[in-house]
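Visitor: Please read through the structure below; I'll follow up with questions.
The values are calculated or read from the model by the stated rules, or taken from the named source; none is laboratory data. Treat the numbers as computed from the prediction; the structure is a model and nothing was measured. Because the Cβ atoms are built from the backbone with ideal geometry, glycine has one as well, and the counts that use them run over all protein chains shown.
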Amino acid sequence: MSSMSIGQVARICGLAPSAIRYYEKAGLLPRPMRVSSQRRYDAQLLGRLRLLQVARAAGFTIAETRTFVSGFSATTPPAVRWRSLARRKLAEIETQMGQLQRMKTLLESSFHCHCLSIEDCARLIGEATPVDAARRGQRARKARQGSGSA
């Protein structure tokens, strides 16, 4: 396979041709050579695309992925680049996990009320302090856990 069309590369990598064009425009891929105005790629691009796919699967943004492939000194090994970006991404994920846990807690514990109207509910929530609401949520969780074990 000396040179491949964008469609061939896309099929091999499981991407849409538009994704490859986007990666080119975003600076993640080098400009391809053209033959009769058609993009032509060599086999080396497959490895680069798979590397981009790994970075994206790890949750790196396009900007972070660009930093990974071209934002370091050329002498910086890929593993050092990865660890540098991964430290920041892991901190971000920890923050998101905390936010997701709070969302889950709210979804699981809220609105076990007996209000007859949304206005009554809003008034009661407005009168409650955040600590009161958290305690109610904890009591509701404990009650569910106690009733769930037989």
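Visitor: Look at ALA79 and say whether it is farther than 30 Å from GLY126 by Cβ, modelled with pLDDT of 95 or more, surrounded by fewer than 13 Cβ atoms within 10 Å (Cβ to Cβ) and not basic (Lys, Arg). Don't jump to the end; show me each part of the working.
Guide: Working: farther than 30 Å from GLY126 by Cβ: yes; modelled with pLDDT of 95 or more: yes; surrounded by fewer than 13 Cβ atoms within 10 Å (Cβ to Cβ): yes; not basic (Lys, Arg): yes.
Criteria met by ALA79.
Visitor: So, in the stretch 55-80, how many residues would count as being under 12 Å from the mean Cα position of the chain (by Cα), assigned to a loop (DSSP other than H, G, I, E, B) and either aliphatic (A, V, I, L, M) or under 12 Å from ALA26 (Cβ atoms) (or both)? Break it down stepwise before answering.
Guide: Going through the stretch 55-80, the residues under 12 Å from the mean Cα position of the chain (by Cα) turn out to be 55-62, 64.
From what's left, assigned to a loop (DSSP other than H, G, I, E, B): 58-61.
Those left that are additionally either aliphatic (A, V, I, L, M) or under 12 Å from ALA26 (Cβ atoms) (or both): 58, 61.
Number of matching residues: 2.
Visitor: State yes or no: is ALA58 surrounded by 13 or more Cβ atoms within 10 Å (Cβ to Cβ) and more than 23 Å from SER5 (Cβ to Cβ)? Walk me through how you get there before you give the answer.
Guide: On the way: surrounded by 13 or more Cβ atoms within 10 Å (Cβ to Cβ): yes; more than 23 Å from SER5 (Cβ to Cβ): yes.
Against the criterion (surrounded by 13 or more Cβ atoms within 10 Å (Cβ to Cβ) and more than 23 Å from SER5 (Cβ to Cβ)), ALA58 qualifies.
Visitor: If you don't mind, there's one more thing I want to ask. Has the stretch 68-84 got at least one residue that is out of contact with any helix residue (DSSP H, G or I) (no Cβ under 6 Å at 6 or more places or on another chain), without any contact (Cβ under 8 Å) to a residue 12 or more places away in the chain and closer than 18 Å to VAL9 by Cβ?
Guide: The answer is no, given that none of the residues of the stretch 68-84 is out of contact with any helix residue (DSSP H, G or I) (no Cβ under 6 Å at 6 or more places or on another chain), without any contact (Cβ under 8 Å) to a residue 12 or more places away in the chain and closer than 18 Å to VAL9 by Cβ.
Visitor: Collect the residues in the stretch 6-19 that are farther than 13 Å from GLY47 by Cα, of a type outside the set (Lys, Arg) and either in a helix (DSSP H, G or I) or in contact with a Ser or Thr (Cβ under 9 Å, 6 or more places away or on another chain) (or both), keeping them in residue-number order.
Guide: ILE6, GLY7, GLN8, PRO17, SER18, ALA19
Visitor: If you don't mind, another one. Restricting attention to the stretch 20-54, report how many residues are closer than 30 Å to ARG87 by Cβ and part of a helix (DSSP H, G or I).
Guide: Of the residues in the stretch 20-54, the ones closer than 30 Å to ARG87 by Cβ are 20, 22-30, 44-54.
Narrowing further to those that are part of a helix (DSSP H, G or I): 20, 22-25, 44-54.
Total meeting the criteria: 16.
Visitor: For the stretch 7-45, what are the residues that are within 24 Å of THR67 (Cβ to Cβ) and of a type in the set (Asp, Glu)?
Guide: GLU24
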